[in-house]
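Asker: Here's a structure for you.
The values are calculated or read from the model by the stated rules, or taken from the named source; none is laboratory data. Since the structure is predicted, the reported quantities are computational estimates derived from the model, not experimental observations. Counting neighbours? That spans all protein chains shown, and the Cβs are built from the backbone with ideal geometry, glycine included. For accessibility, only protein heavy atoms count, side chains too; no ligands or nucleic acids. Shrake-Rupley method; radii C 1.70, N 1.55, O 1.52, S 1.80 Å.
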Amino acid sequence: MTMKNFRQPGKTVTCTAPSGGVLSSQALAIGDLFGISAVTAAEGEPFELGIEGVYELPKAAGAIAEGVKVYWSSANGNVTTTASGNKLIGHAIGARADADTTANVRLSN
């Protein structure tokens with residue numbers, strides 16, 4: 001049976017680059033979506049945003065336990081366990097120590 005309304009698997013979606021454009025591998029929110037840019041694109045250009053999978057992202061100071069919810073701090077450009085004022089982006093894959101500068105995150109849009 002053919003689904004006539006199927007468009008794409010959805011691991012990546014096409015978005016329009018916001019003001020200032022995007023860089024390849026940049027973490028960013030487009031509306032309520034959070035993902036990682038697959039390419040560099042100038043402002044207003046279409047680009048692919050990865051919204052599924054596990055990505056290594058910059059991490060705020062502080063330990064992160066395996067499996068906990070993690071949030072994106074747009075103000076600081078990093079992953080944190082602090083919910084207040086930040087966007088829920090997924091769950092930590094593997095624990096991270098206070099001194100670690102990155103965390104592996106399974107995105108869950």
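Asker: Hey, any idea what % of the chain's accessible area is carbon plus sulfur with a 1.4 Å probe? Show your work: numbers first, answer last.
Answerer: Working: 3380 of 6500 Å².
The computed percentage sits at 52.
Asker: Assuming 0.36 nm per residue, please report the length gained on full extension of the stretch Ser84 to Val39 beyond their Cα-Cα distance. Could you put the intermediate results ahead of the total?
Answerer: Values: separation 45, 0.36 × 45 = 16.20 nm, distance 3.03 nm.
In short, 13.2 nm is gained.
Asker: Over all distinct alpha-carbon pairs, what is the Kirkwood Rh of the stretch 35-96 in angstrom? Walk me through the intermediate numbers first.
Answerer: Values: mean 1/r = 0.0784 Å⁻¹.
Result for the stretch 35-96, one decimal place: 12.8 Å.
Asker: Between the DSSP loop rule and a limit of at most 10 other Cβ atoms within 10 Å, which trypsin sites (Lys or Arg not before Pro) in the stretch 1-94 are left? Numbers along the way, then the final one.
Answerer: Numbers: sites: Lys4, Arg7, Lys11, Lys59, Lys69, Lys87; in loops: Lys4, Arg7, Lys11.
Listed in order of number, the matching sites are Lys4, Arg7.
Asker: Okay, next question. Determine how large the accessible area of Ser74 is when every protein chain is in place; take a 1.4 Å probe and give Å² rounded to the nearest 10.
Answerer: Its heavy atoms expose roughly 90 Å² to the probe.
Asker: Exposed loop GluC sites (Glu not before Pro) only (DSSP loop, at most 11 other Cβ atoms within 10 Å): please give the longest stretch of the chain free of them, not including the sites.
Answerer: Maximal segment without exposed cleavage sites: 67-109.
Asker: Might you tell me the accessible area per residue for the chain, computed with a 1.4 Å probe and given in Å²? Before the final figure, lay out the partial values.
Answerer: Values: 6500 Å² over 109 residues.
Result: 60 Å² per residue.
Asker: Over all directions, how big on average is the projection of the convex hull of the alpha-carbon atoms in the chain, in square nanometres?
Answerer: Values: hull surface 32.2 nm².
The directionally averaged projection comes out at 8.1 nm².
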